[in-house]
Each structure stands twice: as structure tokens, then as C-alpha cells.
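J.: The structure under discussion is supplied below as C-alpha cells; questions concerning it will follow.
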Amino acid sequence: MTKNEVENLIKRYCYVSDAIQKGLSTAKFYKGNRKKVVNITEEIIKVCELIELIYKSETDENIKLMIKYMLEGQSDVYIIGVLPFEKNSYYLHKKAFFQKVYSCCISKDLVSFEEILKERIA
């Protein structure tokens, strides 16, 4: 799984987790008047479990709310308006959350060594 795939999964988490709970093999939804289909694999189920673990282990209430709203599919504008974060601070926390999920995926061998080497440093 690539870093971009992990980020896209987080952004579409509300649709994917709903399909997993219903026992479906694909998650079908519309984004920007375009139909999107995500095949539910064991890898995707494991990533969703990691996301839930990270959410449950978070101790800061504002960060926990931010993650909750992101996983519900709320827009960045809504989250910034509801939570006591400035725009820059919100995007730093969001990026840190994405990185934490990706790091957990690496630790669970969901990301190949070659994929890690392909990542740009700068």
C-alpha cells in the first residue's frame, strides 16, 4: 500500500467502514458527481482497524474530535470552524495523523520496502 492510498482511504473512511460493517465486497459512493468504487480487501480491513486503534488511543480531546470528524467525512472548513484550531495548526495535526497511520501500516508490514524507498525525502 502506498502513502497516497493510505491517505485516500482515510478520506473515504466513512464509506469504506460502512461497507465493511455491512459485509460488502466493494464500497460504492459518489464524490464530485463521479462514481467511485473501492474493493474491500484484507489489507484495507487491517488499515481501517489501525485507524480505529489510533483514534481510540488518542488522549487529546481536540485531536480526537478532529479525527472523529475527519472519519465521518466532514470537510476541512467545517472542522476548522468547529474546533479551536487555526488553519495552519489544523493542517499540521491532519498531516501528523496521516503520517501516524502510515507509520503504523509500515510496522504491520502493509507497506513494502520498495514502496518506502520510492518516497521522496524533500
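J.: Which one is nearest to the chain's Cα centre (by Cα) among residues in segment 98-122 that are modelled with pLDDT under 90 and β-branched (Val, Ile, Thr)?
T.: Among them, the one singled out is ILE116.
J.: What tally of residues in segment 80-95 results from selecting those that are free of Cβ contacts under 8 Å to residues at least 24 places away in the same chain and either under 11 Å from the mean Cα position of the chain (by Cα) or on the phi > 0 side of the Ramachandran plot (or both)?
T.: Here the count works out to 1.
J.: Which residue pairs have Cβ atoms closer than 9 Å, lie 6 or more positions apart in sequence or on different chains, and pair a first residue in segment 96-113 that is open to solvent by 60 Å² or more (accessible area, probe 1.4 Å) with a second residue that is among the basic types (Lys, Arg)?
T.: GLN99/LYS3; LYS108/LYS46
The values are calculated or read from the model by the stated rules, or taken from the named source; none is laboratory data. Because the structure is predicted, anything quoted here is derived from the model rather than measured. As a convention, Cβ positions derive from the backbone with ideal geometry for all residues, glycine included, and neighbour counts pool all protein chains shown. In case anyone asks, the SASA skips ligands and DNA or RNA and just uses the protein heavy atoms, side chains included. Shrake-Rupley method; radii C 1.70, N 1.55, O 1.52, S 1.80 Å.
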